[in-house]
Structures are given as C-alpha cells and as structure tokens.
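All of the numbers you see were taken from the coordinates with simple rules; none came from a lab. Since the structure is predicted, the reported quantities are computational estimates derived from the model, not experimental observations. Quick reminder, even Gly has a Cβ in these numbers, built from the backbone with ideal geometry, and neighbours come from all protein chains shown.
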Amino acid sequence: MQTEENNLRFPFGKIPPEILKEIIFENLGFKRKDVILGPSIGFDGAIIDIGEKSLIASMDPITGAVEHIGWLAVHINANDIATFGVEPAFFLSCILLPEKTKTEIIKKISTQMDKAAKELKIAIIGGHCEVTPGLDFPLVIGCTLGVAEKGKYVTAGGAKPGDKLILTKTGGIEGTAILATEKEKLLKEKLSSEIVEKAQKFYEKISVVKDAITAFRTGGVNAMHDPTEGGVVGGIHEMADASDLGVEIFEEKIPVEPETRKICEFFQIDPLQLISSGALLISVESNSADRIIENLKKQGIQSSLIGKFLENPRKRLIIKSDRSIQTLPRPLCDHLWLALKNPADPSSL
C-alpha cells in the first residue's frame, strides 16, 4: 500500500533539496579519496585530484528549449566549469530523440554543438545518441570537463561574511530567450515584433565563461555561481546554502532588461525567478569589488553590485524598491515552467 509521501508530485525542474539529501546523496557509490568535491547542495560540479592537476566536471540537461538545444547544451555546461575559475576544455553529450526524428534534426543539434564548442575552444570527445520511446521532443544531456592546477579554483561554497555580491549582465536572460522563441506566435499577438525578436537574441548572452575567467584572474574572488533554474534569487540561495551564510540583496540593484519585464508581465511571472543562464553571481572580498567591476567593464561585460553575504545563514533578506525588507523568496520551481504551462496559451494545455 502506497503512503501519501510516496504519492507526492514534484514541481517541474530540480528535485527539492531535502530529497537530494535524504535519497540522492545517501546513494553515491564507493567513496574515493581523490574526489575532493562530490554532490552537494548549491554546487554545480565535482572536483577530482589527479596528481598535480584537478579535474572539474559538471553535467546538465537542456529540457525547456528545443530550437537552440545543441548550442545551449555546450554553453550551459561550460558555464558550470567556468564558475570554478577554470576554462572548459572537453564536452560529452547524450542526445535522446523522439520517434520519427528526421535526419535534419540530428544535423541541427550536432552543428549547433560544433559551433558553440569552437567558440569556446572545447573539444567534443564522445557521447551517445539514440531514439527513445515516449519522448515528445529531443533532450540533450551534456557533460563538460576542465583541468586546473591543483587547488587553483574557487567553488560556490567559498563566500565569506561581508563579501560583496556582484551580478553580471541581467536577470532572466535564458528564460527570456526561450519564451521569445518557443512562444513567438503568442507573444507577437500581444507585444511588438521588435520586442520579441530582440528577446530571441538573448541567446547570444548565455555564456559566462569570459565573465568568470576575467573575475577570477583579477583576484579577490571567493566564490562564483551561475543562476540557472530558479533564476537570480534561486542562485543566490544556492550560493548561500553552499557557503552556510545569510545574504542581503537590494532588488533595485538587480538589472532586468525591458524585454524580460514585458514578457514576464505577460506570463505573470517573476523575472528574478526565471532561469538566468548568462548571468553570473560573484562573491568578492570587499576591497576587490571595484577592481573586478572595472575589469569586467573593459571586457564589455555589464556588472552590478547587488548586495552582500551575512554571517547568520537564517538571515536571507531582499530590500524592495519601496525600502521594505522581506524574506528572500526561495523558488518552488523555475518560473519558466509556469510560463510554458500558462493557461492563456492554448498550446500549453
């Protein structure tokens, strides 16, 4: 007989942290001494020591986008490696295709991966490709590897009390691009074609490799994390979880593009809880913040000082534009999924 707990239905997106702790993290196979960092809340990669080198590895699927799936698979996984301050070098993919897939789809995914990998000087070294029963659209799961000198990296869990928190670019970048592409027809009925077409080009901002490497090489960086599922506020929580710290954020300091605001208003979702690949959260020593922001600017990368980390891990605050102080919301699911299932859109039903 099934219990109520066994019948629980999870929201789309990442499994809740308590399930990760209670089930996933309790079943991790053999413990090896060379695994320096394994699965942990708030961390998006593993660290394995190999002699005088450290291997950084990360894996992510692309599930909410179809049109740019191959290109995204490379860039999203490369971002996770870059947040360690390490250049991504190698990529593997698992491509799962629905029945009746045409050769053109396989070619499209492969050429997208090839283009993205060449942009980042990443070698595609292997993977798997199959037709899978029960799928409605392609899925691509990627794994990226990078190599660093032993100990020459940072993690999402290295933030210190008093560190300033920098955000590069803007909130909701990837979610804006996905919605503008996947829901183009619907949005063009309500918004101008100019807004939708400009939002579709947000895919060009997805990479944070230059952001992360520039900041890390400047010095004074204690931790980095790219806010993917759950958006900017979800990423901030993950970073605070990993560092066991609290945080204070100023809402008005978090930049959001007009196109993102318009699309989020239409779908009635929060841009700060919308998947935000392309932005980067950087925890820096207080006296290094200005220098890092200046060096990012020299590279043509927008960045903003949005808050600071606090010693008390239970103190997670957002100071609203009207100066009221509220608890920083923790997303139950990424707001992309809410938009994709919006009842105002007949194709989502």
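Worth pointing out:
- Distance from the Cα centroid of segment 15-79 to that of segment 131-170 is 8 Å (rounded to whole angstrom).
- Loop-resident sites, segment 1-108, for trypsin sites (Lys or Arg not before Pro), counting at most 12 other Cβ within 10 Å (DSSP): R9, K31, R32, K33, K100, K102
- Lysine pair count for segment 11-149 with Cα-Cα distance under 21 Å and sequence separation of 8 or more or different chains is 12.
- Sum of -39500 (n - 2.57) over DSSP H runs of 4+, divided by residues of the chain (222 nm, nearest 500): -9500 deg cm²/dmol
- Sequence-distant contacts, meaning Cα pairs under 8 Å at least 6 residues apart, place the relative contact order of the chain at 21 percent.
- Between L280, L165, L332, the GNM of the chain built on Cα springs shorter than 10 angstrom shows L332 fluctuating the most.
- Prolate/oblate/rounded label for the chain (Cα gyration tensor, a/c 1.5): rounded
- Qualifying trypsin sites (Lys or Arg not before Pro) for segment 260-331 [loop in DSSP, other Cβ within 10 Å: at most 16]: R314, K315, K320, R323
- Applying the Karplus relation 6.51 cos²θ - 1.76 cosθ + 1.60 with θ = phi - 60° to segment 154-162 yields 3J(HN,Hα) values of 10, 10, 5, x, x, 4, 10, x, x Hz, where x marks Gly and Pro.
- Given charges at Cβ of Lys, Arg, Asp, Glu: the chain dipole, positive-most of V209, I24, S324: V209
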